Structures are given as structure tokens and as C-alpha cells.
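Shown next, in C-alpha cells, is the structure this report addresses.
The values are calculated or read from the model by the stated rules, or taken from the named source; none is laboratory data. Values in this document were obtained by computation on a predicted structure and should not be read as measured data. No Cβ is skipped: glycine too gets one built from the backbone with ideal geometry, and neighbour counts run over all protein chains shown.
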Amino acid sequence: MSERYSHLIHAATRLRLWVTGIANLPLGFFYGFLNITMPLLISADGSFVSE
């Protein structure tokens, strides 16, 4: 019985990985956006730039 359903279990595991990855995509984009823009905003502000 386990051999008959092993491909279904495998597909469900793969689907769960896909769903998790897709759900984490906006978080990854947001984190990358903050990582790139925060130093630019801080340096553009001029408060941390040495005179």
C-alpha cells in the first residue's frame, strides 16, 4: 500500500516546498529591498557621512 501512494506523498512534499517558497518570496523581496535601500537612505540623509 505504501508503494502505491509513495508518489502522491512525494508530490505533496514537493508541493508543500513550492508553496513555502512562494509564500516566502514577498518576505525575501522586502528584506532585500530594505538591505539595499537603508544604507542609501542613511548616506543620502548625510547624518552618518563624515564631514
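Per-structure values
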| read-out | value |
| --- | --- |
| Inter-residue pairs, beta-carbon under 9 Å, first in a helix (DSSP H, G or I) and in the range 2-17, second surrounded by 10 or more Cβ atoms within 10 Å (Cβ to Cβ), 6+ apart | SER2/ILE9 |
| Condition met for ARG4 (modelled with pLDDT of 90 or more and out of contact with any Asp or Glu (no Cβ under 8 Å at 6 or more places or on another chain)) | no |
